[in-house]
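Participant: Quick one: the structure is below, and I'll ask about it shortly.
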Amino acid sequence: MREPGQQQYQVRFGWGIAGARRVAADAHLLVWVDVLPEGPGVDHRTIGRQLPPGPAVVLGHLGNAAAVADRVTRLQAGLGDRCVVAVVAAGTHRAPAFDDVAEAAGESADVPDAPDPAVEDLLGAGAVVDALSAVGIDHCSPEAAAACAAFTGLRGAVRHLVTASETARELGPERARAALAVGPELVEVRAGEHSARG
């Protein structure tokens with residue numbers, strides 16, 4: 001019997017909370033990639049509560065991909081087995097046009113669970129997958145491999161693409177430059193069930 005979805009792969013890729021629920025089953029680490037957060041004071045603990053239980057959750061972006069790879073290799077050594085990684089791009093959330101109509105009628109607006117893809121998060125996720133491949137963690141799903149190829153193929157233009165993206169234009173150049181200047185530190189949002197062993 002075939003395993004569903006990306007379950008047979010060590011490195012997986014998905015979009016948003018719904019994608020995390022699909023690709024993080026039995027994962028040891030979930031890397032949440034939000035290169036240009038929509039708000040300046042985003043509470044990452046809230047994101048951690050929305051993500052599926054089980055794996056540890058860290059924040060990934062263009063500046064800390066090597067730190068993510070280091071965390072995975074240490075976790076893998078602690079486990080004494082391969083570490084399964086779910087790389088999840090946050091994407092952007094825009095309310096559909098008909099939500100205003102629903103709210104005007106006194107009804108709640110249904111916001112879809114799936115985000116719009118965001119080029120900056122695709123490139124950030126690709127940077128993480130590329131860093132994992134560089135340390136030998138390269139049993140990637142086709143989805144993760146495609147994100148990696150987007151990053152490696154556009155490596156020389158990444159900064160320009162991020163600052164010229166739709167999200168960056170909405171947030172403004174200062175916020176985009178600040179996000180690109182974030183350092184290599186790894187931020188842990190949530191400890192995982194495997195952390196005692198890893």
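The values are calculated or read from the model by the stated rules, or taken from the named source; none is laboratory data. Remember, it's a predicted structure, so these values are computed and weren't measured experimentally. Heads up, the Cβs are rebuilt from the backbone with ideal geometry, glycines too, and the neighbour counts pull from every protein chain shown.
Participant: Yes or no: the stretch 105-113 includes at least one residue that is at pLDDT 60 or above, within 20 Å of Gly16 (Cβ to Cβ) and in contact with a Gly (Cβ under 9 Å, 6 or more places away or on another chain).
Facilitator: Yes, there is a match, as at least one residue in the stretch 105-113 is at pLDDT 60 or above, within 20 Å of Gly16 (Cβ to Cβ) and in contact with a Gly (Cβ under 9 Å, 6 or more places away or on another chain).
Participant: Give me the residue from the stretch 125-142 that is over 13 Å from the mean Cα position of the chain (by Cα) and assigned to a helix (DSSP H, G or I) and, out of that set, surrounded by the fewest Cβ atoms within 10 Å (Cβ to Cβ).
Facilitator: Pro142
Participant: Within the stretch 143-150, can one find any residue that is among the aliphatic types (A, V, I, L, M) and in contact with a Lys or Arg (Cβ under 7 Å, 6 or more places away or on another chain)?
Facilitator: yes
Participant: Report every pair of residues separated by at least 6 positions or lying on different chains whose Cβ atoms are under 7 Å apart, first residue within the stretch 63-78 and under 15 Å from Gln10 (Cβ atoms), second in a helix (DSSP H, G or I).
Facilitator: Val68/Val128; Val68/Ala131; Ala69/Ala131; Ala69/Leu132; Ala69/Ala134; Val72/Leu132
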